[in-house]
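What follows is one structure encoded as structure tokens, with my remarks underneath.
FYI, it's all coordinate maths here, none of it is from the lab. Bear in mind the structure is a predicted one, so any value in this text is a computation, not a measurement. With ideal geometry, Cβ positions are generated from the backbone for all residues, glycine too; neighbour counts draw on all protein chains shown.
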Amino acid sequence: MARMAAKSDSRSSQNGTGRPRVRFDAIDMAILKQLQTDCKITNATLAKRVGISPPSTLERVKKLESAGIIRGYVALLDPAELDKTICAIIHVTLREHGERRLEAFKSAVAEFDEVQSAWHTAGEEDFILRVLVTDMEQYEQFVVHRLSAISNIGRVRTSFCLSAIKDGTAVPLDAVAREPDAAAEGK
């Protein structure tokens, strides 16, 4: 069997962080691609699609999970069907930037159900938040009574999404180092 995912190899190229890239073989790549498309797929169907036995498939999936490559499985809900029709992208600039101040902001924002994603950024703003709300009244309540209640807020700037052109969850696999095929190594 080819070497399993999540083992780093000192011969592999660097990934920009100074750490060697994780190496995957073609079957690992196929498993990840299939699971990113449909995580409810049965192990038997997954095995058939990637071309190995169900026990081997299950073993590989478990290794990908334990290595932290697969972090979890979720149901993706349609926000509009749940009356969350307004998506706001909120840019936040803090007044002060000490470690304690940054951590206080991060902790507070992590508690807000309206915040779908929060990114600490470099550039003009310190944080960018993706927020889902029902209407402008709920947006106003969120900004005025929750977000602005966090101490150290300097500036809040919002853009509203008109429509989603692409809203994916799949992580591109193009930067993953591939294991050389055993047949090619023998040549």
Hand me the GluC sites (Glu not before Pro) from segment 98-143 located in a DSSP loop with no more than 14 other Cβ atoms within 10 Å, in residue order please. 111, 124
Relative packing of peptides 154-165, 42-53 - highest average C-beta neighbours within 10 Å first: 42-53, 154-165
With DSSP loop assignment and no more than 12 other C-beta atoms within 10 Å, the trypsin sites (Lys or Arg not before Pro) in segment 78-107 are 95
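For a Förster distance of 22 Å, can you work out the FRET efficiency between the beta-carbons of residue 119 and residue 36, rounded to the nearest 0.05?
On the way: r = 21 Å, r/R0 = 0.95.
Working from the Cβ atoms, E equals 0.55.
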Under the Karplus relation 6.51 cos²θ - 1.76 cosθ + 1.60, θ = phi - 60°, what is the ordered set of whole-Hz ³J(HN,Hα) values for segment 152-167, x standing for Gly and Pro? 5, 6, x, 8, 10, 10, 10, 10, 9, 7, 7, 7, 9, 7, 8, 9
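Explain nothing, just the number: relative contact order of segment 70-142, from Cα pairs under 8 Å at least 6 residues apart, as a whole percent.
Computed value for segment 70-142: 41 percent relative contact order.
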Once both labels are modelled 7 Å past Cα along the beta-carbon direction, what's the residue 160-residue 96 spacing in nm? 3.5
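Determine the gain in length on full extension of the stretch residue 67-residue 26; use 0.36 nm per residue of separation and subtract their C-alpha separation, reporting nm with one decimal.
Stretched out fully, the residue 67 to residue 26 stretch lengthens by 13.0 nm.
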